[in-house]
Structures are given as C-alpha cells and as structure tokens.
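What follows is a set of notes on a single structure, which appears directly below.
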C-alpha cells in the first residue's frame, strides 16, 4: 500500500537499499585485498630518512588525530630529529582530535622544540593545535583565529510532513533524541546544548591561553569566533613571527641548537592510506545509525 501512495519515495528506498548492499559487498572485497597489499609495503617509518628537523603536515579538516599523533611520536623518539615543525593549513574540525593533537605536542615539547608554521589558513582547531607549540610563524595574509565552538543540525520536519512520513521514536531517556531533525528543539534541550558549547569553548580558551602564555581574560576577549590575518594576530600575541615554512624551519633549528645545514624530513607516506580511507567511507555511507551524533555535530569552528 505504501508503494502505491508514495511510488517515488518507495522507489528511492529500494534504490538506496540495493546501493547499500553493493557498497557493503565492495567494501568487504577491498578489505580482503587490502590485507595482501599491506604486506607489500612497510608501515610509516620516518627513520628511513635522514634529517634533523621533522616536518609534519596538518592539512584539511581535522577529523582524526591518529595519523598526526603517530608522526609526532615517531619524530619525538627518533634521535636524529632535533626539532619538529608542524605545518598547518586547516580551517579546524572536531573538538577531541584537536585536543589530542594539542596534548601530544605538549608532551613532545618536554623533549624537543616544536614550531608551528601557518599556511593559507590555520583557524579554529588549526589554531588550537598551533597554540600548543613553542612558537608560531604565520604569513601576513594567513587566516587564523576563529577561536570558538559551533553546534549545528538541520531540521527537516516540514519536508517529512509533506511526504507523509510519521517518525516513531522509542527512547530510554528524555534527552536521547535531542536535536532530532524530525522535530523542533525544546527550550530545555537548547539550554543543555548551549551549556555543552560553553564548556567546550572554555576548554579552548583555557588551553589557548596556557599555550600562548596569555591570561584567560585577555584570551577570552579575542575568542569570540572572529578571524584574524597573520599580521593582526602578531600584534595580538596570537602568533610570534611573520614568515613562511623555511623561516619556521630555521627558527626550529636555532632553538634546537643545530649547527651547520638544516636538513628537513617528512614522514614516509603510508601507501595503504587511500584504501583505508575508501573502506571507511564506503562503510559509513552504507550504515544507518539512530544515535544523536548522526543528527548534529559540534566542531571547533
């Protein structure tokens, strides 16, 4: 009966179901072959390269901290690496990954100097990571700052009503379906979510202030979500110097007491990374979850 009343919607559901099944099958096939491919390549191993300043790139949205932390640990433990430069070109990303990178750099600073080099943009979570370093070098036109937190979700209640769907929710607690796109956000739920945003923002301000050696009150005034150019950030003590990647490398070498020519080294590329990302993407696309995390997201942005 549903197929007669809503032929288009029924057709879309069938197509999506078939597509999901194909994606799961394809992911399983790739996963099986990935094991064989992995045996032909060595894991990430920066020790195969020679150099005394390690460069780690934090590029794009910060979704996961795993790879960056692995690189930091590798360079921290490698005796030939005297200092590390974190090259950042990121608009920000998830809260937890940014905090994990921040904390890993704090650990590393006890052993080796770490300098941040800002590219086109190093904002929000990108600035969170930079703030933990011993020093920050930015270009005059670098876009940075954006110290703040945002939580957002889309409400599709009216669309659902128009196509004749009636959502049915069975939950274990009052707030389990909070921020569901199928209904309006209640006042008590809005207050609760706002308190979460405020708490995370306080963590960001606290860590940025500590990393930059700025009192919290002063940092709070700068942390209203606005962006700054590298030149403006320098006048506000959000960065230390203006310059490019080479300038950051030279500064890191000076702080580490490197004599003679500075040689840079990058972590070796993980040749199975593409396959891993493809598998993850396919499995995520084929999976339907009912948890609140699928309905809204909060990011340092």
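Only the coordinates and a few stated rules stand behind these numbers; no lab work does. Keep in mind that what you see is a predicted model, and the values were worked out from it rather than measured. With ideal geometry, Cβ positions are generated from the backbone for all residues, glycine too; neighbour counts draw on all protein chains shown.
For this structure, a couple of remarks:
- When the P(r) of segment 134-190 is calculated, the portion above 15 Å amounts to 67% of the C-alpha pairs.
- Here the mean projected area of the convex hull built on the C-alpha positions of segment 52-202 is 12.0 nm².
- Residues 168, 137, arranged from fewest to most other Cβ atoms within 10 angstrom of their Cβ, appear as 168, 137.
- Residue order, fewest to most surrounding Cβ atoms within 10 angstrom, among 219, 151: 151, 219
- If the chain linking residue 224 and residue 110 were pulled fully straight, counting 0.36 nm for each residue of separation and taking away their Cα-Cα distance, it would gain 38.0 nm.
- Residue 160-residue 192 FRET efficiency (beta carbon distance; Förster radius 22 Å; 0.05 resolution): 0.40
- Extension gain, residue 168 to residue 59: 0.36 nm times the residue separation minus the Cα-Cα distance gives 35.1 nm.
- Segment 124-189-segment 199-243 distance, computed between alpha-carbon centres (Å): 23 Å
- Percentage, to the nearest whole number, of Cα pairs in segment 53-112 over 17 Å apart: 32 percent
- The stretch between residue 185 and residue 67, if pulled fully straight at 0.36 nm per residue, gains 38.8 nm over its current Cα-Cα span.
- Neighbour counting of Cβ atoms within 10 Å sorts the residues 196, 106, 121, fewest neighbours leading, into 196, 106, 121.
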